[in-house]
Structure formats: C-alpha cells, structure tokens
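Take a look at the following structure, please.
The values are calculated or read from the model by the stated rules, or taken from the named source; none is laboratory data. Quantities reported herein were computed from a predicted structural model and do not represent experimental measurements. Here the Cβ is made from the backbone with ideal geometry for all residues, glycine too, and neighbour counts use every protein chain on show. All accessible areas refer to the heavy atoms of the entire protein, side chains included, with ligands and DNA or RNA removed. Shrake-Rupley method; radii C 1.70, N 1.55, O 1.52, S 1.80 Å.
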Number of protein chains: 2
Amino acid sequence: MNDVSSEHAIKSVADNWKRVRNANVVSVHLAFTDSSFGDRSLIFVTDYHPAAETLAQRHFSPASRFSNRYSSAIVPEPVLWGYIVQIASALKAIHSAGLAARVLDASKILLTGENRVRLNACAILDVVQADVHPSLADNQRTDLYLFGRLILALGSNNTSQHSQGKAMEAFGRTYTPRLKEVTTWLLDHISPQRSDSIDDFLTLIASDIVTTLDNSLHQADALESDLARELENSRILRLLTKMNFINERPEYEHDRQWAEHGNRYCIKLFRDYVFHAVDAQRNPLLDMGHVVGCLNKLDAGIEEKIMLTTRDEETVIYVSYKELKACIEATWQDLMRRAAT
Amino acid sequence: MNDVSSEHAIKSVADNWKRVRNANVVSVHLAFTDSSFGDRSLIFVTDYHPAAETLAQRHFSPASRFSNRYSSAIVPEPVLWGYIVQIASALKAIHSAGLAARVLDASKILLTGENRVRLNACAILDVVQADVHPSLADNQRTDLYLFGRLILALGSNNTSQHSQGKAMEAFGRTYTPRLKEVTTWLLDHISPQRSDSIDDFLTLIASDIVTTLDNSLHQADALESDLARELENSRILRLLTKMNFINERPEYEHDRQWAEHGNRYCIKLFRDYVFHAVDAQRNPLLDMGHVVGCLNKLDAGIEEKIMLTTRDEETVIYVSYKELKACIEATWQDLMRRAAT
C-alpha cells in the first residue's frame, strides 16, 4: 500500500469507530501516522480516563513469573456479572456499527471507579491487520468466543489458553451454574458453525442487564445528591469572593460611605460578625457551620436581623440580612461600574 | 379485623415493601395508622423526591374537560422505551420480592430529571384491599396488562379504557412495529390463560434495556465530571474561609508579627494581590479566573514566586506560593490552638 492510500484507510477506520459512542467503549476521535518519533508511528487519539487501571492490573497480579496462575483473590460473582453486562453492551454497540472488537483482552480493558469497564484499543487491529480479511460475521463470532475466554480467565484466575477444561472446572466450583452456562455459551462460539449474534446473548442475560441498570441508576442518584450538596459550595464561594473583592479595598479607605456610620460600614462589620467572632474568654470561634449558615441567610436575603458591633464596642448596628444583601449588591454594582470604565 | 391485627397487617405490608429497593420504585419506610387528623388515617412514610411531577401531569394536560383526549405533543419513541425499560426493571424487583405493583397509573408514577420514572403508591392497595385476595400470580399477570395499558395511554394520548382498538390503531401509526408488538404482548395479559413472567418480558426487550443502561452510564459520567469540577469549589471555599478567619482579626491589630516587615504581613498583602488588584488606570480588576488561579496555586503550594506590594508602595516582598502556604498554615494552627483553649 502506498502512503496516500494507507492514510486514507487509517482515516476511514477512525471514521467508522467514531460512530461508536458507547459508555463502555473508549471513544476514538482521530487516527493518523506521524514521523516525529523517528519512525512512522501510528497515532490514535482517544478519550483519556484518568486513574484508570486495566482488568489485568486489577485481577492478574503475578504470584510468580514462572506461572500462569495468579495470587489475587477470587472475583466476586456480582462483579463478574457487571463486567459481562457492560462488555455485552459495548459489543452490541460495536456490532451494530458494522464493526468487530477483535481485541478483548484483560490487559486492554480499562477499569475506572465502581467496576466500570471500557473496551480500548479495538480500532488498532482494523488498521494494522487491514490486510487480513476474515468476514465481519466471522470477526463478530470470534468476539463472542474471546468474550467467553476473558470471563473464564477472570473467573478461574488463569490466563493460560491451553487448559480450558481445567479452568472451566475451577470456574464451575466457584460460580453459579447460570454463570457457567452463560460462559460456556460464549466459548462455544469458537466453532464457525455457530451463528448467534450479540442480540441472542443479550436475550440470554436480560435479567442481569436490569440489575446492572438498577446499580447504575442508584449510582447516578448518589452522584446527583452529592452534586446538589457541592453546588451549594459554589454558590457560597461566589458570594464570599464578592465580599473579599469589596472589603478592605485601599480605594475605600478614605471613602465616607465606609467610615463609621457610613451606610457601607455594615459590610465590614458583617465580615467581623461572620469570621472574627470570639467567645466570652475572647478565644476565636472557628465554626464553619456559623460561616455557611450566615452566608446562606445572606444569599437568601431573609428578614432575620442581627446585631453588628463596631470594634470599639461603642456602637451597635441592628440590621437584617435583607438590608445587608442590598448593601453588598449596591457596592458590588458600584465596583463593577468602576471596573468597566 | 380488629385494630391490633390490622396494625399488625399494615406493618407486615410495609415490611414486605421495605425489601424492594429499586431505583425505579419509591422506597417505602414505614406504614401506620394515626388519629391526629380526626379520623383513622393510614400513613405511609416513603422517600421524598423533590420537584417530581407525575407522568399524567407531564403527558396528559387536558385540552377540554369533556374529552378523554389531550392536547399535548406525542411522546417520542425513545422516551417511551425509556419508560418501558424502567417500569420493567421496577416490576422485576417487585415480582422478585413476591409482590405485585397493582397500581400502574400515569397519575401515580413520578417523573424526575431526565425521564427518570419511579412507581409510587404500590403498597397502599396491599393494605386497603387486603381483604380482596386474587392469587399473587394473578396480580402479577394483571401488572403486565396494566403496564401495557399505561404505555398505550401514553402513546395514543388517550386514557379512555373503552376504545382500546382505536387507541391501538393511532399507536401503530405513530410508533415502530416493534413497540406496537411489545405493547400488544403486554395487553394480551388481560387473559388469565397467559402465564408469562416479567422475566419473559425482559428477554423480549433485552436490547432496549442495554440502550437505557448506556444512557444511564453516560448520565453518570456527566454527573461525575460535573461533580469533579464542583469539588474544586469546595476546596477553594475552605481555603478562602481560612484566609477570612485569619485576615483583619482585631486581635492581630497590634501584633508585631502582622506589622510591616512582620512575617505574617504577607498574608494580608496576598489578599490584596488576589482581590484588590487594579489596572494601570487604577480601575478595579474583578477577575474570578485570577482569584481561582491564585488560590489553586496557593493550595498546591508551588514554587512560583509573586511580588506583593505594600499599600504605601514603598516595599515589595518577593515570596513563593509555597512560603505563603506555610505562613497561612502556621497562622491557622496558631488560631486553632487559641480557639481550643
């Protein structure tokens, strides 16, 4: 193949894979060749998932370098079902796009957060083995077989491909008959006679997909409630930033509005009220709850009144959060106006 | 039934429903009777979902009170599939717990956020119609029929139960044959001869469950990345709160460490640097990016050095974020110590 047609082929592979947008497949954006590294490198641009490890790193930590067996603990059955459902969902998306994964290896599947898996590096074989041309149907059938081999390897803690019978025996002792049956169904697809599609597999595991869906929805709920709590922080942060922009500005030092009895003096006193409170022994009160409570009331601008005391303790100002909010807002607008000029 | 045995029956219903913890069913916590309202009220304590509306509110806004037909727009097919998968997941959980929903009505199903549905009020019939005793199998079969009727009503925008044939015709014109087939399958369960379970239905819609799973995982991803961004806010908020606790404390006013050339003076000057910057024309610079950037560098304690200028512009202090961080940390520890005494 000459360079131009090869670049074209690479681009068309990337374009095909760009159509696969599945939550369990690492998204491909671009592919091209590059000679910056002193050779003709093939570069794939994909989504980056920080802090991801691979299934191999998680489950196959070698006990000895002379052995194919691994020391790590057994993968719990619900975790394995979670992997199965997610990989099936990935294969469904890939096969529906008229492609095949071709790579289904524990060392190439990314794991993030709560047992979330993502197939990776699938597009590469479509480029580097572009000349090898089994039919798409063959490749998709092989995907099912590779899928089965992956589950067997994870479940039997054994990556050797030679002793599949023994591995299956160990697998059957550890897991439920149903999981064994599903894995066997997949492994049977080593035979070219089988012509099931990924849809047939989905039908087989329908009730397990629902379980994974339920977990995912529960997880989304938890994230949403965390997010709601954190959004409070961002609101309070903005308010506190405004107050910091306003207070103690050198420009205001000789401003009559900020002098004692000036109408903006209370903003400064409110800052003292929120952050510089002391107890009866004059020890500082460092209460984050007090800070958040005060700033929330300020943000809402409620009618509640508070007593602000000047530093010389000679004057007491009795002011509502509503008045404070209006005062801060007016000062902020004033500051913004001056910033714009 | 006397009161004691009835309380017992109510408690046992609530206990049964407490076992159903599904992301598409409103969780039941308690049930009891109460006479505080001048009668013998039956009280159910369930999860509260703020800002929820019902499917009826969303999709059946009456065009005229003399008509069973509604003016609102057609429910898009993907939305309808989303409902089907989620309700099927809810029924799977309910039937697996040896219960039946019995109530599957658009006016009782809650809708929150992005087309997320939750069955509600299911437990109530188990109490108020405790004397009516069709078999569990009958109730579960009826659930499937009610499910079909709900989808037909939503899809044909017609809640009348009399013209099912006409409604199905309209439904068939709007949606794909597959959706019509699935709905017909459910509606067929009006006949006591049918003995399929919810598992059979899940098998029928396996590939649609995978689509909903994919949506849910994508949504969880989006929430997670939003959350990651918001967590930044909470970190910066804590840091800014610390600085506010420290700066301008009246106790420090005559403290030599805070006087010019004192080693804590730079905290005050840093505050001026972050919040009180002015441009060449002495107009205030109100740049949230500058604030967040500075506070992030401070939090990381990097080696980058900045120039802090005293207010009289006579002295310039050249200090690294690392030194500033150490200084703030020491002052904070000092403040905490005094707070503890």
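Based on the Cβ-Cβ distance of A:GLN129 and B:THR176, what FRET efficiency does E = 1/(1 + (r/R0)^6) give at R0 = 45 Å, to the nearest 0.05? Walk me through the numbers before you get to the answer.
Values: r = 37 Å, r/R0 = 0.83.
Efficiency at R0 = 45 Å is approximately 0.75.
Rounded to the nearest 20 debye, what is the charge dipole size of the protein assembly as shown about its Cα centre when +1 sits on each Lys and Arg Cβ and -1 on each Asp and Glu Cβ?
Details: 74 positive and 88 negative charges, 156 e Å.
Charge dipole of the protein assembly as shown: 760 debye, to the nearest 20.
List the longest stretch of chain A that has no exposed loop site; here a site is one of the chymotrypsin sites (Phe, Trp or Tyr not before Pro) assigned by DSSP to anything other than H, G, I, E or B, with at most 13 other Cβ within 10 Å. Spell out each step's value before the answer.
Details: sites that count: A:PHE37, A:TYR48, A:PHE66.
Here the longest segment lacking exposed loop sites spans A:67-341.
Once B and A are treated as a pair rather than alone, how much accessible area drops out, both sides summed, in Å² to 100, probe 1.4 Å? Let's see the in-between values first.
Numbers: alone 19820 and 19870 Å², together 33830 Å².
About 5900 Å² of accessible surface is lost on pairing.
Rounded if a/c is under 1.5, else prolate if a/b is larger than b/c, else oblate: which is segment A:233-341, with a ≥ b ≥ c the root eigenvalues of its Cα gyration tensor?
Numbers: a/c = 1.64, a/b = 1.23, b/c = 1.33.
Here segment A:233-341 falls in the oblate category.
About its Cα centre, what dipole magnitude does chain B give when the only charges are +1 on Lys and Arg Cβ and -1 on Asp and Glu Cβ, stated in debye to the nearest 20? List each step's numbers first, then the result.
Values: 37 positive and 44 negative charges, 116 e Å.
Computed about the Cα centre, the dipole is about 560 debye.
Between segment A:90-116 and segment A:149-165, how many Å separate their Cα centres?
18
Can you tell me the orientation of helix B:164-174 relative to chain B, as the angle in degrees between its alpha-carbon axis and the longest Cα principal axis, to the nearest 10?
50
Under a GNM of chain B (C-alpha, springs under 10 Å), which listed residue has the highest mean-square fluctuation: B:ILE43, B:ILE190, B:ILE87?
Looking only at B:ILE43, B:ILE190, B:ILE87, the biggest GNM fluctuation is shown by B:ILE43.
Starting from the Cα of A:LYS108, draw a straight line to each of the aspartates and glutamates and keep only those under 19 Å, dropping any in the same chain fewer than 8 residues away.
List returned: A:ASP47, A:GLU53, A:ASP126, A:ASP143.
List for segment A:251-298: residues with 40 Å² or greater reduction in accessible area, all protein chains versus chain alone, probe 1.4 Å?
The answer is A:PHE275, A:HIS276, A:ASN283, A:PRO284, A:LEU286, A:MET288 - residues whose exposure falls by at least 40 Å² when every protein chain is included.
With a cut-off of at most 14 other beta carbons within 10 Å, and DSSP calling the residue loop, which GluC sites (Glu not before Pro) in segment B:203-287 qualify? Please list them.
Within segment B:203-287, the qualifying GluC sites (Glu not before Pro) (loop, at most 14 other Cβ atoms within 10 Å) are B:GLU253, B:GLU260.
Take every DSSP beta bridge whose two residues both sit in chain A, then give the antiparallel share in percent to the nearest 5.
Working: 20 of 21 bridges.
Antiparallel: roughly 95 percent of the beta bridges in chain A.
Give a quick list of GluC sites (Glu not before Pro) in segment A:266-341 that DSSP marks as loop, anything other than H, G, I, E or B, with at most 12 other Cβ atoms within 10 Å.
On the way: sites: A:GLU303, A:GLU304, A:GLU313, A:GLU314, A:GLU323, A:GLU329; in loops: A:GLU303, A:GLU304, A:GLU313, A:GLU314.
The qualifying sites are A:GLU303, A:GLU304, A:GLU313, A:GLU314.
While we're here: Leaving out same-chain residues fewer than 8 places away, which lysines sit with a Cα under 29 Å from that of A:LYS325?
Cα-Cα hits under 29 Å: A:LYS242, A:LYS268, A:LYS297, A:LYS305, B:LYS242, B:LYS268.
Here is a further query. How large is the dipole of segment A:145-191 about the Cα centre if only Lys and Arg carry +1 and Asp and Glu carry -1, each at its Cβ, rounded to the nearest 20 debye? Please list the in-between numbers first.
Values: 5 positive and 3 negative charges, 21 e Å.
Dipole about the Cα centre, nearest 20: 100 debye.
Once you mark the trypsin sites (Lys or Arg not before Pro) that are in a DSSP loop and have at most 11 other Cβ atoms within 10 Å, what is the longest gap between them in chain A? List each step's numbers first, then the result.
On the way: sites that count: A:ARG40, A:ARG65, A:ARG282.
Segment A:66-281 is the longest.
Still on this model: Under a 5 Å amide H to amide H cut-off, with H placed in plane at 1.01 Å, what residues pair with B:THR46 once short-range neighbours are removed?
B:HIS29
Right, here's the next one. Roughly how tilted is helix A:77-96, in degrees to the nearest 10 and between 0 and 90, from the longest Cα axis of chain A?
Result, in degrees: 80.
To continue, here is another question. For chain A, modelled as a Gaussian network with Cα springs under 10 Å, which listed residue fluctuates most, A:ILE317, A:ILE109, A:ILE94?
Most flexible of the set in this elastic network: A:ILE317.
Please give the average number of partner chain Cβ atoms lying within 10 Å of the Cβ of each residue in B:22-32, rounded to a whole number. Please report the intermediate quantities before stating the final value.
Details: counts 4, 9, 4, 1, 0, 0, 0, 0, 0, 0, 0.
Per residue, the average neighbour count from other chains is 2.
Given an 8 Å cut-off on Cα distances and at least 6 residues of separation, report the relative contact order of segment B:166-317 as a percent. Don't skip to the answer; put the middle values down first.
Numbers: 53 pairs, mean separation 20.7, N = 152.
Normalised by residue count, the contact order of segment B:166-317 is 14 percent.
In Å², what does the accessible area per residue of segment B:247-341 work out to with a 1.4 Å probe? Could you put the intermediate results ahead of the total?
Numbers: 5200 Å² over 95 residues.
Roughly 55 Å² per residue, with all protein chains present.
With labels modelled as points extended 7 Å from the Cα through the Cβ direction, what inter-label distance (nm, one decimal) is found for A:ASP226 paired with A:ASP312?
Using points 7 Å along Cα→Cβ, the separation is 5.3 nm.
Within the protein assembly as shown, what whole-number % of the accessible surface is contributed by carbon and sulfur, with the 1.4 Å probe and all protein chains included in the calculation? Before the final figure, lay out the partial values.
Values: 17850 of 33830 Å².
Answer for the protein assembly as shown: carbon and sulfur cover 53 percent of the accessible area.
Is the protein assembly as shown best put as rounded, prolate or oblate by its Cα gyration tensor, with a ≥ b ≥ c the root eigenvalues, rounded for a/c under 1.5, and otherwise prolate when a/b is larger than b/c, oblate when not? Spell out each step's value before the answer.
Values: a/c = 2.25, a/b = 1.41, b/c = 1.59.
It comes out oblate by the Cα gyration axes.
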